[in-house]
Every structure is written in structure tokens, then in C-alpha cells.
1. Could you work out the relative contact order of the chain? I mean the mean sequence separation of Cα pairs under 8 Å and 6+ apart, divided by the number of residues, in percent.
2. Taking the Cα centre of the chain as origin and charging only Cβ (+1 Lys, Arg; -1 Asp, Glu), how large is the dipole, in debye to the nearest 20?
3. How much length is gained on full extension from residue 27 to residue 44, taking 0.36 nm per residue of separation minus their Cα-Cα distance?
4. If you wrap the chain's Cα atoms in a convex hull and average its projection over all directions, what's the area in nm²?
Amino acid sequence: MGNAIANVPIQAGMDAQLAKQRGEDAAIAIQGSLILSQALDDTSLFRRTIEQLPIALLDI
């Protein structure tokens, strides 16, 4: 999943290694927020993570 997510910042001109790291971080955040949202029965955690993804991926 992380490598697929990394394609977005790579297409925006980011260094491939940094984009891969950010893609991996995004995948971890998505998976973690899914688990926590389910455990706490609170989908706002997942929604917040998704809303913050563009900044986390493309903040150069």
C-alpha cells in the first residue's frame, strides 16, 4: 500500500525515497486509524487521518 500511495508525491516531483517513506507513513496512519476507530467506535479518527493525507504526503 505504501508504494502505491508514494506515486502521488513522486508525480508531484518529490524525491522517490522521501515519497516512499511518506507513503509508508501514510499507510501506517491509515491502518492505525482504522483499528483505533473501530476499537473506540469513533469514525472521526479515520476521517481526520484521511483529511490530513494530502498535507502529510505533499508537504515538501
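1. On the way: 58 pairs, mean separation 22.1, N = 60.
Answer for the chain is 37 percent.
2. Working: 4 positive and 7 negative charges, 19 e Å.
Roughly 100 debye, rounded to the nearest 20.
3. Working: separation 17, 0.36 × 17 = 6.12 nm, distance 1.74 nm.
The span from residue 27 to residue 44 would gain 4.4 nm if fully extended.
4. On the way: hull surface 14.2 nm².
Mean orientational projected area (the chain, Cα hull): 3.6 nm².
Laboratory data are not the source of any read-out in this text; all were calculated from the coordinates shown. A quick note: this is a predicted structure, and the numbers were derived from the prediction, not measured. As a convention, Cβ positions derive from the backbone with ideal geometry for all residues, glycine included, and neighbour counts pool all protein chains shown.
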